[in-house]
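Have a look at the structure below before the remarks.
Every number here is computed from the coordinates shown, using simple stated rules; none is lab data. Keep in mind that what you see is a predicted model, and the values were worked out from it rather than measured. Every residue, glycine as well, gets a Cβ built from its backbone with ideal geometry; the counts of neighbours run over all protein chains shown.
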Amino acid sequence: MSEIIDNYSFDTAEKQATARQFFAKVYGFMFFALIVSGAIAYQYGTVEFIAKYFLTVSADGQAKIAPLFYVVVFSPIAVALLFQTMINRLSFPLLFGLFSLYSILIGFSLSTIFIVYSMTSIAITFGVTAGTFGVMAIMGYVTKVDLTKFGSILMMAFWGIFIAGIVNFFLHSDSLGYIISMIGVVVFTGLTAYHMQQLKKFAHDSEISADQKNKLALLGGFTLYILFVNLFLSLLRLFGSRD
């Protein structure tokens, strides 16, 4: 990535160095969240843990989803909204705390994939996701086309599949889930390119203070992390092999 930064749009060594530092922070935050979520998901992705904390048994012997599972699944939404709406008001340490909390909660919610899909399927899908994500990130960075209108359309589609996903969480429709995943692959890959272009603009802007740039780097890492996780889950639902 550093070579690409040096070759596109930053015509002085100082600008290239600033851009490298900014994107190093962005991807550092993203990888931090992925490592935290992945470690927690792997550690607690067992039948014993899921049965103990995420399921309850009714009087008639039927297994039902426990209230804690709903908290784990839906509380990240509140954390994400708080993070994004308060980014200009909260200090960087508090924002990083919210970011860390979000990645922990996502880790627990992702733990269920380890009892649904095979390890081989999860590993292969993660590799495919990383490759796809990397290609789209580079495309978004080097393209000369303004993706603003494209990004606006994709954001509307994102909220559409977000709402549909919540509805399907309770409906448990395989057909609807498959459609959401197919659309999601297109939306999340497209948004990756769009947000990389937006981050490139931030790296260009010399009027942004150092503290604000740190917050924008954290926001960038947060956004790319969300896109990566959602792209991974969409591909896993489409192509993953179930145990």
_Difference of contour (0.36 nm per residue) and Cα-Cα distance, residue 183 to residue 46_ = 46.3 nm
*What is the helix-to-structure angle for 148-171, meaning the angle in degrees between its Cα long axis and the longest Cα principal axis of the chain, kept from 0 to 90 and rounded to the nearest 10?*
10
*Counting each DSSP H run of 4 or more residues in the chain as -39500 (n - 2.57), what helix-only mean residue ellipticity at 222 nm follows after dividing by all residues, to the nearest 500 deg cm²/dmol?*
-27000 deg cm²/dmol
*asked:* Full-extension gain between residue 123 and residue 198, please, as 0.36 nm times their residue separation minus the C-alpha to C-alpha distance.
replied: 24.0 nm
*Extent of the chain along each principal axis, from alpha carbon coordinates, in Å, largest to smallest?*
70, 35, 31
*So, with +1 on the Cβ of K and R and -1 on the Cβ of D and E, and no other charges, what is the size of the charge dipole of the chain about its Cα centre, to the nearest 20 debye?*
180
*Convex hull volume per residue for the stretch 103-169, taking Cα atoms only, in Å³*: 119
*Which is the longest run of the chain containing none of the trypsin sites (Lys or Arg not before Pro) found in DSSP loop states (not H, G, I, E, B) with at most 11 other C-beta atoms within 10 Å?*
145-243
_Relative contact order for the stretch 54-155, counting Cα pairs under 8 Å that sit 6 or more residues apart, in percent_ = 19
*Crossing angle, helix 67-85 versus the chain [Cα axis fit, 0-90 degrees, rounded to tens]*: 20
*Here are some pairs, 144/200; 25/144; 25/213; 25/201; which of them have Cα atoms lying more than 20 Å apart in this structure?*
25/144
*asked:* Using Cα-Cα distances under 8 Å and only pairs 6 or more residues apart, what relative contact order does the chain have, in percent?
replied: 31
*Charge dipole of the chain about the Cα centre (unit charges at C-beta), most positive-ward option of 97, 230, 17*: 97
